[in-house]
Amino acid sequence: MKRIASAIVRPTGPNYTQSIETGGFTLLSDEPQGVGGQNAGPAPYSLLLASLGSCTAITLKMYADRKGWDIGRLKVSLTLSKDDEGGTFIDRTLDSDARLDGEQWLKLLEIASKTPVTKTLLAGVSITTRRAEVA
């Protein structure tokens, strides 16, 4: 199995604030004040959308560069919603200040549906949880 990424998450402040170490960076995550957090960083679902959005933007920029297309300042807007039956939905909208023709937009939308994080989310993920070894 090929390792793609890793992260370590530890409590760092009052209530729910967490420090995330990943890829040589340190980030914070928290919950909004309305649910007992300190709003010290994005909430977990916001980080999930940030991951999907950044993967989308990076993948489309790489594709456009290979094609020699100027896609300008591509913006990826995302919203996560849940319905009463427990279904989860992500709406992703692409926008650019560049003049792209209809064929280019169709190709970008097709590529967006095939980004690595998109494919991972759509396929589902096997998650195992275990206790750390006791020293």
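The values are calculated or read from the model by the stated rules, or taken from the named source; none is laboratory data. This one's a predicted model, so the numbers in the text were calculated from it and none came from an experiment. With ideal geometry, Cβ positions are generated from the backbone for all residues, glycine too; neighbour counts draw on all protein chains shown. Only protein heavy atoms, including side chains, enter the accessible area calculation; ligands, DNA and RNA are left aside. Shrake-Rupley method; radii C 1.70, N 1.55, O 1.52, S 1.80 Å.
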*Please indicate, with yes or no, whether at least one residue in region 32-43 is open to solvent by 60 Å² or more (accessible area, probe 1.4 Å), small (Gly, Ala, Ser) and more than 18 Å from residue 117 (Cα to Cα).*
yes
*If a residue has to be buried (at least 16 other Cβ atoms within 10 Å of the Cβ) and small (Gly, Ala, Ser) to count, how many in region 52-79 make the cut?*
3
*Of the criteria (1) under 20 Å from residue 7 (Cα atoms); (2) among the aliphatic types (A, V, I, L, M); (3) in contact with a Gly (Cβ under 9 Å, 6 or more places away or on another chain), which one residue 127 fails*: (3)
*asked:* Anything in region 15-46 that is closer than 17 Å to residue 91 by Cα and touching a residue at least 24 places away in the same chain (Cβ under 8 Å)? List them, or say none.
replied: 45
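Within region 104-116, is even one residue under 28 Å from residue 43 (Cα atoms) and touching a Lys or Arg at 6+ places or on another chain (Cβ under 9 Å)? Full working, then the answer.
Of all residues in region 104-116, those under 28 Å from residue 43 (Cα atoms) come to 109, 111-116.
If we keep only those that are touching a Lys or Arg at 6+ places or on another chain (Cβ under 9 Å) as well, we get 112-113.
Among the residues of region 104-116, at least one is under 28 Å from residue 43 (Cα atoms) and touching a Lys or Arg at 6+ places or on another chain (Cβ under 9 Å), which makes the answer yes.
Within region 70-97, count every residue that is without any contact (Cβ under 8 Å) to a residue 12 or more places away in the chain and more than 18 Å from the chain's Cα centre (by Cα). Spell out the reasoning first.
Of the residues in region 70-97, the ones without any contact (Cβ under 8 Å) to a residue 12 or more places away in the chain are 81-89.
Restricting the remaining residues to those that are more than 18 Å from the chain's Cα centre (by Cα) gives 83-87.
Total satisfying the criteria: 5.
Can you tell me which residue is farthest from residue 51 (Cα to Cα) among those in region 71-87 that are assigned to a strand (DSSP E or B) and not hydrophobic (A, V, I, L, M, F, W, C)?
To start, the set of residues in region 71-87 that are assigned to a strand (DSSP E or B) comprises 75-82.
Subset that is not hydrophobic (A, V, I, L, M, F, W, C): 75, 77, 79, 81-82.
Values: 75: 14, 77: 12, 79: 13, 81: 16, 82: 19 Å.
If we take residues in region 71-87 being assigned to a strand (DSSP E or B) and not hydrophobic (A, V, I, L, M, F, W, C), then 82 is farthest from residue 51 (Cα to Cα).
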*asked:* Quick check on this structure: which one of 100, 48 is within 17 Å of the chain's Cα centre (by Cα) and surrounded by 14 or more Cβ atoms within 10 Å (Cβ to Cβ)?
replied: 48
_Please count how many residues of region 106-135 are in a helix (DSSP H, G or I) and open to solvent by 60 Å² or more (accessible area, probe 1.4 Å)._
10
*Looking at region 80-90, which of its residues are surrounded by fewer than 10 Cβ atoms within 10 Å (Cβ to Cβ) and in contact with a strand residue (DSSP E or B) (Cβ under 6 Å, 6 or more places away or on another chain)?*
81, 89
